[in-house]
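These notes concern the structure reproduced below.
Since every read-out is calculated from the coordinates, none of them should be taken as a lab result. The shown structure was predicted, so the numbers you read here are calculated from the model rather than taken from an experiment. Ideal geometry is used to build each Cβ from the backbone, glycine not excepted, and the neighbour counts take in all protein chains shown.
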Amino acid sequence: MLQKKVSDPRLSFVTVTAVEVSADLRQAHIYVSTIGDQEARQQMLTGLKHATGFLRHELGARVALRYVPSLTFHLDDSLERSQRIMQLLDQLEGNKREQSL
């Protein structure tokens, strides 16, 4: 729906990384990421919050549920954190090599 139905340019590079739905199916926590700086991420979250009503309406039309879940969007920064961890591990490895020489 994000790629085909929403025409907001702030959402052109959104990637949904995970979705957690409550046991009663009334709430959905959607984790998203995008390329760009912190400003681009904030613009993306603003665009998603703006499109929430439309997305719930579309979801209700496509899925046969008693209740359409409320949608809450969260920024997923796990990719950035994993890249930072890899950098730190590479630095540690480089320091070990230098000490062994």
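Out of all DSSP beta bridges in the chain, what portion is antiparallel? Express it as a percent rounded to 5. Of the beta bridges lying entirely in the chain, close to 50 percent run antiparallel.
Run the reach check for K5 against aspartates and glutamates, Cα to Cα strictly under 15 Å, same-chain hits fewer than 8 apart removed. What comes back? Leaving aside aspartates and glutamates fewer than 8 places away in the same chain, those within reach of K5 are E58. For trypsin sites (Lys or Arg not before Pro), the sites in segment 1-46 that DSSP calls loop and that have at most 13 other Cβ atoms within 10 Å are K4, K5, R26. Put simply, the amide H of T17, placed in the peptide plane, has neighbours under 5 Å in Y31, V32, S33, leaving out anything fewer than 5 places away on its chain.
With an a/c value of 1.5 or above and a/b larger than b/c for the gyration tensor axes a ≥ b ≥ c computed over the alpha-carbon atoms, the chain is described as prolate. If a spin label sat at a point 7 angstrom from the Cα of Q42 along the line to its beta carbon, the backbone N atoms of segment 72-101 nearer than 20 Å would be those of 73-78, 80-81. Take the Cα of A61, step 7 Å toward its Cβ, do the same at L92, and the gap between the two points is 5.2 nm.
Distance between the 7 Å Cα→Cβ label points at Q3 and H50: 2.3 nm.
When only C-alpha pairs under 8 Å and at least 6 residues apart count, what is the relative contact order of the chain, in percent?
Working: 99 pairs, mean separation 27.7, N = 101.
Dividing the mean separation by the residue count of the chain yields 27 percent.
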